[in-house]
Amino acid sequence: MSDPRVNLLDLSPDELKDFCVSIGEKPFRAQQFLKWIYQWGVTDFAQMTNIKKELRERLPSLAYIKAPDIIAEHKSADGTIKWALDIGDGQVVETVLIPEDDRSTLCISTQVGCPIKCSFCRTGASGFNRNLKVQEIIGQVFAAASRVGFCENREQKPISNVVMMGMGEPLLNVSNVLKVTEILLSDYAFGLSKRRVTISTSGIAPIIEKLAGKVDVALALSLHAPTDALRDELVPLNKKYKIAEVLTAVKHYLAASNANCGRVTIEYVLLDHVNDSTDDAHALAALLKDVPCKINLIPFNPHDGAPYQRPSNSRIDRFYKVLFNYGFTVITRTTRGDDIAAACGQLAGQVKNKIRAQNV
């Protein structure tokens, strides 16, 4: 039998206000709950000492606070940490923390598996089951913070950046992703800067259009090819939403955004002798000449069964130099966590009862 109580991790800040009103409390109680949960990591109502005793005693019959359980932790030699989280019914999702000197980035998942099936991605090869609930997405941040620290009395937050680049396509779970974004940005919750929250997408053009002006966080586009012909092979979604349509939607999003500082991040996985020639680089430069962007080059991270290889350093360098000479801001991403299968494109989790997504 399902629990009739409300998991407060499932509620956006506005929904939490509505919950407070529904139980006869003032809306300001929502701010107190947000602070106790997301700034101090408290899940026991009895410990919420600035909430009146009568309410503290009544709350356990109405609500609870529960994040997915971490069932495995793997630490890389480079400091990267990967957690596997149990979300029930045999399903497991993965979350990765990438610590650096000036920031600590948490990469979270938004779906169980992924329906996009990019040919180079281990997540897509693992299949797809369902969208994650709000509590299962923000719960990854909560669970990670329970290991590395919440933000109480800290000048530098233990988790300073959150990127939705883990398992799944965020824009196919957009309603829940937007609620999670509200929690991440709320001053009473995690209080992250909108420039430090990133939604990554493979290019769901109509949804990108709808988001313009409704949400303002950093946007990353997984492009991976300079032509529709090649992208059709690498990113099957391209057969539905062609590159030109996607880039038009991205420009509309940028026009309404402050978080992006006028530029989208283009993610481009380099596959040896597939999309990494200097001709490909020239074609990419021509494609993006009117798109304000910075380009992240991601050397392919091998995984079992993948038909691709990582390019040589010389091929990566030549590709980089072509784009740089056109005046683009280009970064070759340093591989992190590949020894624990935590690098880009390596997350798999555990996907049971695989289904075909109906909305792709």
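For the range 165-288, the convex hull drawn through the C-alpha positions has a volume of 109 cubic angstrom per residue.
Using a cutoff of 8 angstrom between alpha carbon atoms and counting only pairs six or more residues apart, the relative contact order for the chain works out to 18 percent.
The Cα-based radius of gyration and maximum Cα-Cα distance (Dmax) for the range 24-182 are 17.0, 56 Å. Remark: the range 137-229 is approximated by an ellipsoid whose semi-axes, taken from the C-alpha gyration tensor as √(5λ), come to 27, 14, 12 Å, largest first. Residue 322 sits with roughly 20 Å² accessible to a 1.4 Å probe, with DNA, RNA and ligands left out of the calculation.
The residue among 174, 347, 124 whose Cα reaches farthest toward the positive pole of the charge dipole of the chain, with charges on the beta-carbon of Lys, Arg, Asp and Glu, is 174.
Could you please state how large a percent of the accessible area of the chain is carbon and sulfur, counting protein chains only and using a 1.4 Å probe? Show your work: numbers first, answer last.
Details: 7610 of 15890 Å².
After summing per-atom areas, the C and S share lands at 48 percent.
Think of a 1.4 Å ball rolled over the protein heavy atoms: the range 212-360 then has 48 Å² of accessible area per residue.
Using only Cα atoms, figure out Rg for the range 184-250 and give it as a multiple of 2.2 N^0.38 Å.
Numbers: Rg = 14.2 Å, N = 67, 2.2 N^0.38 = 10.9 Å.
Expressed relative to 2.2 N^0.38 Å, the Cα Rg reads 1.31.
The mean sequence distance of close C-alpha pairs (under 8 Å, at least 6 residues apart), as a share of the length of the range 213-327, puts its relative contact order at 29 percent. Only Cα sites of the range 217-327 enter the Debye sum here, all with the same form factor; the resulting log10 I(q)/I(0) across q = 0.09, 0.15, 0.20 1/Å is -0.23, -0.65, -1.11, listed in q order.
Relative contact order (percent) for the range 188-245, with alpha-carbon contacts under 8 angstrom and 6 or more residues of separation?
On the way: 52 pairs, mean separation 20.2, N = 58.
Computed value for the range 188-245: 35 percent relative contact order.
In loop segments of the range 49-118 as defined by DSSP, the GluC sites (Glu not before Pro) with at most 14 further C-beta atoms inside 10 Å of their C-beta are 100.
For mean projected area of the Cα convex hull in nm², the listed values are [x] 16.9; [y] 18.3; [z] 27.5; which was obtained by calculation from the structure presented? Here the calculated entry is [y].
Isolated cysteines of the chain, defined as having no other cysteine beta carbon under 4.7 Å away, are 20, 107, 114, 151, 261, 293, 344.
Filter the chain for me: DSSP H helices, axial length by Cα at least 27 angstrom, mean Kyte-Doolittle hydropathy not below -1.0. List them by residue number.
On the way: long enough: none.
Helices meeting the criterion: none.
Cα centroid separation, the range 294-321 to the range 252-282: 14 Å. For the range 207-314, trypsin sites (Lys or Arg not before Pro) meeting the loop criterion (DSSP other than H, G, I, E, B) and having at most 13 other Cβ atoms within 10 Å: 214, 240, 289.
Per residue, the range 156-198 exposes an accessible area of 34 Å² to a 1.4 Å probe, with every protein chain left in place.
The values are calculated or read from the model by the stated rules, or taken from the named source; none is laboratory data. Every value quoted in this text rests on a predicted model; they were computed, and no experiment measured them. When we count neighbours, we look across all protein chains shown, and the Cβ atoms used for this are built from the backbone with ideal geometry, even at glycine. Heavy atoms of the whole protein, side chains included, go into the accessibility calculation; ligands, DNA and RNA do not. Shrake-Rupley method; radii C 1.70, N 1.55, O 1.52, S 1.80 Å.
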